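Beneath this line is the structure, given in structure tokens, with notes to follow.
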């Protein structure tokens, strides 16, 4: 009998009833991970001596989970899959991790990511490519690649991820699971290895919406160590807010993104047809779904804004990676040369490219034109979104124009000169621009690979969004799905 | 041709606070390297800054004292550059919205009041300190994250005296408000000094030279004097083309400045708003409450001493030069010591003593209440001023309360009859000296006083002795 491919409440009651012990769950998890990890490469570290935890009323107690390898865990190696942090062992705990520990959650291993969480493919970490368990020839998307793969495999009921542009929600869609990025500041970022501070979020990947609520309930909370953490939502229970009562809720989709006439590819036509069907099913729940128009120039700006802001913040945030205080010491005659050597050898070319972009847009002569304008247009997009959120409970959109791309299809099709495709592939970053709660749930398959839809709501309206997503999930019928056969 | 020196200052001052400006690590001077350090100071992956409220309050107070405009929001920026003493690879500082802008303060320089305009004052973090050895360098992160206040003036000063007077005034403001100890010996004050020359019409003759990291008031003076000489010499010799806009450093050994980098090599610090600190609204009530908390500063105290306690200006100046002295003085008065008496003790024996011992007044054993024991006995004539001095040193030497050294045995003889007996004896033995005195050699009076003191081993009350002697020998 396997447990870890079930939902959290089922596992919790099995523990409560004495059907299974925390120790047995840990063994199950380790055994199952080892069975698949050679093919999938979801984990770079297993905690073989993970201690069982006595079961309490906390739903997470005694249950193993997977942690993305960019969250500080005291005494346990944390590398962000970068050679600059090879063998780095943190001396302090991230607040989110500590909160999970306090709920009795059992960390079973660390999952692979794109180097320093910068990337959307799951192929750029120093530990190699993460393969999509639904079909190993496909990528998982990223950067929370290993976390998504682990949950899809059913080797853990949930995994922790981080999301700066869509790093939880995209891989979740590509692996047929649920990816939830709560409001900015709901979960403290203290201990999250910063990529772009104004866009970074911690969140979770699960196989159903209720589990996502349970996990985030455990991680969230005001934190004096994070000045951007939300102070007034400690008493909110996301889990309890899910009551299935969604009649009269109002969602909208963006006309410019969902209009089939804007796209050529067969896959995208299919995705949009499926999306339409999903909308029809959503309407049967008594949820009103409307079409809204959004300034196309603003939509076109999403990707450039994301690139400007995230690269600029990243180049500054990662300036601490010098090999002086931690990380492998570089070689050279002077300290400056040692720092240069460490960074030259440590970062992949993709990371360096982002740093070059980031430095460029921050330079005195460029800052106004690129970085500051990006921030201004980011604000304009959020203003429009906030206006729409005053009329609607949330935004519903397809997560991408196709399924997870093939790994050997290195020529990034999505960068073709079609603005609409670029918008369709990058709109999830809106959730990061405004710190909005945003959740992805599976809505079917395309060429036997999973795909997903996303629901995004007003800042701090997490409970409402999860309630709506949960009802839709029940309707669509992909709840709790796991990969049946890894091929 | 005449020229005018133009000086602008950037004064960095380490602030006094319990913890560092963005981390909970202790901000107390520690001789042991890397003892006051936590994850945040080291810039370990995942750390976030947390603004120290105490530092914000003090920075706002400084801003108000300098008559600056305070901003609507508290905001911080990152200044990005790579250096081994900068763990995060950026310094958190204030560029977009400093805690104070467009201020001004009048300073006293050589007896004249001079206005200094303040461009801005801002709160930031210090870097680690480096110790360069012959083959290696050591990094001490104790200083990383220590709160700094940087005050930037306009280029509005025109002599080394003015620059030093400004810095001296600022140090005293910081000390009087407890914002900082402003102790140059501990490296708490560091200045960037901008120097250039103008003609009489205000046209610049030489480009601006910035001398970085000058670490004492004396060195600021030397820097300015050297730069003035260097720039004027080159200019007047027709070698103005050798003068460039550049950054130099002061070399203490030679007393000269040395080229570091020119403007074309200037670093682009790529400032941008620190995203981890949300803008915090500065409440006007909060600002008002800080305004009310501004304590009396040196000039006000000086004026009060002159008006209320009738001290002369020279004495008052000595007392307010150091806040510790002023506090000591005021404590004396609060426990009932006469102002002039307190002033004489403080500006006399006490300052001489702490200078000689090279200690701070804080470490001076005789607090005002102990000093009062001596003064009280002097007042009721149980001890003479000579004895008071002896008791003072004795108490300091043995670190025991003065009253232990004031006993009946060595107390003053105030019994008139006893003194009269002694005087009569002495007068009987010295008839010729009496005649001399009465014939006009008035200084013979001191001879008789001396004889009485000799007889009583200094214990006879000098007042009574003198009174009785006058009665007996003045005809």
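If only one of B:12, B:104 is surrounded by fewer than 17 Cβ atoms within 10 Å (Cβ to Cβ) and in a strand (DSSP E or B), which one is it? Break it down stepwise before answering.
Working: B:12 fails: surrounded by fewer than 17 Cβ atoms within 10 Å (Cβ to Cβ).
Going through B:12, B:104 in turn, just one is surrounded by fewer than 17 Cβ atoms within 10 Å (Cβ to Cβ) and in a strand (DSSP E or B): B:104.
Considering only region B:407-416, I want to know if a residue exists there that is at pLDDT 90 or above and either assigned to a helix (DSSP H, G or I) or within 17 Å of residue B:474 (Cα to Cα) (or both).
No: region B:407-416 contains no residue that is at pLDDT 90 or above and either assigned to a helix (DSSP H, G or I) or within 17 Å of residue B:474 (Cα to Cα) (or both).
Among the residues of region A:456-471, is there at least one that is part of a strand (DSSP E or B) and closer than 20 Å to residue A:254 by Cβ? Full working, then the answer.
We begin by selecting, within region A:456-471, every residue part of a strand (DSSP E or B); these are A:456.
Of the ones still in play, those that are also closer than 20 Å to residue A:254 by Cβ are A:456.
The answer is yes; a qualifying residue exists.
Of these, B:138, B:148, B:167, which one is in a strand (DSSP E or B) and within 28 Å of residue B:225 (Cα to Cα)?
The match here is B:148.
Looking at region B:252-265, is at least one residue in contact with a strand residue (DSSP E or B) (Cβ under 6 Å, 6 or more places away or on another chain), more than 14 Å from chain A (Cβ to nearest Cβ), buried (at least 17 other Cβ atoms within 10 Å of the Cβ) and in a strand (DSSP E or B)?
Yes, the conditions are met somewhere in region B:252-265.
Could you list all residues from region A:309-323 that are in a helix (DSSP H, G or I), touching a residue at least 24 places away in the same chain (Cβ under 8 Å) and either more than 7 Å from chain B (Cβ to nearest Cβ) or in contact with a strand residue (DSSP E or B) (Cβ under 7 Å, 6 or more places away or on another chain) (or both)?
Of everything in region A:309-323, those that are in a helix (DSSP H, G or I), touching a residue at least 24 places away in the same chain (Cβ under 8 Å) and either more than 7 Å from chain B (Cβ to nearest Cβ) or in contact with a strand residue (DSSP E or B) (Cβ under 7 Å, 6 or more places away or on another chain) (or both) turn out to be A:309, A:310, A:311, A:312, A:314, A:315, A:316, A:317, A:318.
Among B:51, B:28, B:21, which is the only one that is part of a loop (DSSP other than H, G, I, E, B), under 30 Å from residue B:295 (Cα atoms) and at pLDDT below 95?
Working: B:51 fails: at pLDDT below 95; B:21 fails: at pLDDT below 95.
Exactly one residue qualifies, and that residue is B:28.
Go through region A:106-133 and count every residue that is more than 19 Å from residue A:319 (Cα to Cα) and either within 14 Å of chain B (Cβ to nearest Cβ) or out of contact with any helix residue (DSSP H, G or I) (no Cβ under 7 Å at 6 or more places or on another chain) (or both).
Result for region A:106-133: 8.
Examine region A:205-212 for a residue that is within 14 Å of chain B (Cβ to nearest Cβ) and either more than 15 Å from the chain's Cα centre (by Cα) or not in a loop (DSSP other than H, G, I, E, B) (or both), and state whether such a residue exists. I'd like the intermediate steps shown before the answer.
So the first thing to find is which residues in region A:205-212 are within 14 Å of chain B (Cβ to nearest Cβ), and the list is none.
No, region A:205-212 contains no residue that is within 14 Å of chain B (Cβ to nearest Cβ) and either more than 15 Å from the chain's Cα centre (by Cα) or not in a loop (DSSP other than H, G, I, E, B) (or both).
Given the conditions (1) part of a helix (DSSP H, G or I); (2) more than 18 Å from the chain's Cα centre (by Cα); (3) at pLDDT 95 or above, report the number of the one that residue A:425 does not fulfil.
Looking at each condition in turn, residue A:425 falls short on (2).
Does residue B:126 meet the test of being farther than 30 Å from residue B:358 by Cβ, crowded, with 19+ Cβ neighbours inside 10 Å and touching a strand residue (DSSP E or B) at 6+ places or on another chain (Cβ under 7 Å)?
When the stated conditions are applied, residue B:126 does not pass them.
Is at least one residue of region A:213-227 under 22 Å from residue A:479 (Cα atoms), touching a strand residue (DSSP E or B) at 6+ places or on another chain (Cβ under 7 Å) and either part of a helix (DSSP H, G or I) or in contact (Cβ under 8 Å) with a residue 40 or more places away in the chain (or both)?
yes
Suppose we filter region B:43-58 for residues that are within 14 Å of chain A (Cβ to nearest Cβ) and in contact with a helix residue (DSSP H, G or I) (Cβ under 8 Å, 6 or more places away or on another chain); how many remain?
Selection size over region B:43-58: 3.
Do we find that residue B:228 is buried (at least 18 other Cβ atoms within 10 Å of the Cβ), in contact with a strand residue (DSSP E or B) (Cβ under 9 Å, 6 or more places away or on another chain), within 14 Å of another protein chain (Cβ to nearest Cβ) and in contact (Cβ under 8 Å) with a residue 60 or more places away in the chain in this structure?
Working: buried (at least 18 other Cβ atoms within 10 Å of the Cβ): yes; in contact with a strand residue (DSSP E or B) (Cβ under 9 Å, 6 or more places away or on another chain): yes; within 14 Å of another protein chain (Cβ to nearest Cβ): no; in contact (Cβ under 8 Å) with a residue 60 or more places away in the chain: yes.
It is false that residue B:228 is buried (at least 18 other Cβ atoms within 10 Å of the Cβ), in contact with a strand residue (DSSP E or B) (Cβ under 9 Å, 6 or more places away or on another chain), within 14 Å of another protein chain (Cβ to nearest Cβ) and in contact (Cβ under 8 Å) with a residue 60 or more places away in the chain.
Could you check how many residues of region A:53-99 are within 14 Å of chain B (Cβ to nearest Cβ), part of a loop (DSSP other than H, G, I, E, B), surrounded by 22 or more Cβ atoms within 10 Å (Cβ to Cβ) and touching a helix residue (DSSP H, G or I) at 6+ places or on another chain (Cβ under 9 Å)?
Number satisfying all stated conditions: 8.
Just a yes or no: is a residue in region A:289-308 more than 25 Å from the chain's Cα centre (by Cα), under 30 Å from residue A:9 (Cβ atoms) and either surrounded by 13 or more Cβ atoms within 10 Å (Cβ to Cβ) or within 14 Å of chain B (Cβ to nearest Cβ) (or both)?
Within region A:289-308 (the criterion being more than 25 Å from the chain's Cα centre (by Cα), under 30 Å from residue A:9 (Cβ atoms) and either surrounded by 13 or more Cβ atoms within 10 Å (Cβ to Cβ) or within 14 Å of chain B (Cβ to nearest Cβ) (or both)), the answer is yes, since at least one residue qualifies.
Is it the case, given these coordinates, that residue A:393 is over 21 Å from the mean Cα position of the chain (by Cα), under 27 Å from residue A:187 (Cβ atoms) and crowded, with 22+ Cβ neighbours inside 10 Å?
Yes: the conditions hold for residue A:393.
May I ask you to verify whether residue B:314 is in contact (Cβ under 8 Å) with a residue 24 or more places away in the chain and assigned to a helix (DSSP H, G or I)?
Judged against the criteria, residue B:314 is not a match.
Within region A:343-365, restricting attention to residues that are within 14 Å of another protein chain (Cβ to nearest Cβ) and not in a helix (DSSP H, G or I), which residue is farthest from the chain's Cα centre (by Cα)?
Filtering region A:343-365 for residues that are within 14 Å of another protein chain (Cβ to nearest Cβ) and not in a helix (DSSP H, G or I), the one farthest from the chain's Cα centre (by Cα) comes out as A:363.
Only one of A:186, A:238 is farther than 20 Å from residue A:166 by Cβ and either free of Cβ contacts under 8 Å to residues at least 60 places away in the same chain or more than 11 Å from chain B (Cβ to nearest Cβ) (or both). Can you tell me which? So that I can check it myself, show each step before the final result.
Numbers: A:186 fails: farther than 20 Å from residue A:166 by Cβ.
Selected residue: A:238, the only one of A:186, A:238 that is farther than 20 Å from residue A:166 by Cβ and either free of Cβ contacts under 8 Å to residues at least 60 places away in the same chain or more than 11 Å from chain B (Cβ to nearest Cβ) (or both).
Would you check which residues across region B:185-217 are assigned to a helix (DSSP H, G or I) and without any contact (Cβ under 8 Å) to a residue 40 or more places away in the chain and list them?
Matches in region B:185-217: B:185 only.
Of everything in region B:2-42, what is within 14 Å of chain A (Cβ to nearest Cβ) and without any contact (Cβ under 8 Å) to a residue 60 or more places away in the chain? Give them in sequence order.
B:19, B:24, B:38, B:39
Would it be correct to say that residue A:294 is within 21 Å of residue A:419 (Cα to Cα) and not in a helix (DSSP H, G or I)?
Here the answer is yes, as residue A:294 does meet what is asked.
The values are calculated or read from the model by the stated rules, or taken from the named source; none is laboratory data. Because the structure is predicted, anything quoted here is derived from the model rather than measured. FYI the Cβ positions are ideal-geometry reconstructions off the backbone, even for glycines, and counts take in every protein chain you see.
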